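Heads up: the structure comes next, in structure tokens.
The values are calculated or read from the model by the stated rules, or taken from the named source; none is laboratory data. Since we're looking at a predicted model, the values are computed, not measured. These accessible areas exclude ligands, DNA and RNA; they are computed on the full protein's heavy atoms, side chains included. Shrake-Rupley method; radii C 1.70, N 1.55, O 1.52, S 1.80 Å.
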Amino acid sequence: MDARHARTVAELGTGTGVSGIHLLHGMRPDGVLTTVDTEPERQQFAREAFRAAGFAGNRARFIPGRALDVLPRLADGGYDLVFCDGDRLECLDYLGESLRLLRPGGIVVFEGVFADGRTVDSAAQPAEVQRLRELLRTVRESTALLPSLLPVGDGLLCAVKR
């Protein structure tokens with residue numbers, strides 16, 4: 001699968017729509033972004049941002065709710081890419097759901113895995129940083145994934161499902 005031609009993408013954490021716009025730009029013209037967020041107001045803002053960026057309304061599907069409540073309802077093997085920018089404490093659960101959602105050759109991406117440099121800092125860290133460390137270790141040791149850690153922004157962990 002070539003990520004530039006993704007047909008189906010799931011985004012965990014709609015936010016204001018910035019990442020969604022970038023994801024939509026990288027997808028096929030007939031691709032659909034499924035974006036999940038706990039805040040319907042953010043999704044409305046993102047919907048308007050997508051429209052202002054020139055995307056038709058049928059290019060994005062907005063699902064309000066907690067990612068871990070919504071993800072089990074999405075189709076097994078139905079996604080080319082899963083972009084995770086949600087609750088860092090749930091990142092390992094997102095990984096498990098992503099493996100189920102992705103077709104072979106699909107890509108899971110986690111944003112912010114450097115946690116402002118705290119994932120490599122030997123000092124005591126909060127639970128979210130410890131969870132990110134577990135995520136990095138789990139992905140690195142997985143035989144189901146081919147990982148890559150990119151020093152972009154606050155760190156992107158990308159892994160291709162074998």
Q: From largest accessible area down, sort ARG28, ARG73, ARG61; use a 1.4 Å probe on the protein chains.
A: ARG73, ARG61, ARG28
Q | Under Karplus coefficients 6.51, -1.76 and 1.60, residue-wise ³J(HN,Hα) of segment 57-68 in Hz, glycine/proline x | A | x, 7, 7, 9, 10, 9, 10, x, x, 6, 3, 6
**Q.** Distance cut-off 21 Å, percentage of C-alpha pairs in segment 1-73 lying past it
**A.** 19 percent
Q.
Roughly how far apart, in whole Å, are the Cα centres of segment 121-155 and segment 91-120?
A. 9 Å
Q.
Just the number please: accessible area per residue for the chain, 1.4 Å probe, all protein chains included, in Å².
A. 50 Å²
Q: Compute the relative contact order of segment 45-109 as a whole-number percentage, counting only Cα pairs closer than 8 Å that sit 6 or more residues apart in sequence.
A: 33 percent
**Q.** Estimated 222 nm signal from helices in the chain, with DSSP H stretches of n ≥ 4 weighted -39500 (n - 2.57), rounded to 500
**A.** -9500 deg cm²/dmol
**Q.** Accessible-area ranking of LEU135, LEU99, LEU89, largest first, probe 1.4 Å
**A.** LEU89, LEU99, LEU135
Q.
Please compute the volume of the convex hull spanned by the alpha-carbon atoms of the chain and report it per residue in Å³.
A. 104 Å³
Q: Run the accessible area of the chain with a 1.4 Å probe and give the carbon-and-sulfur part as a rounded percent.
A: 55 percent
(Q) Once you keep just the Cα pairs under 8 angstrom separated by 6 or more residues, what percentage relative contact order results for the chain? (A) 20 percent
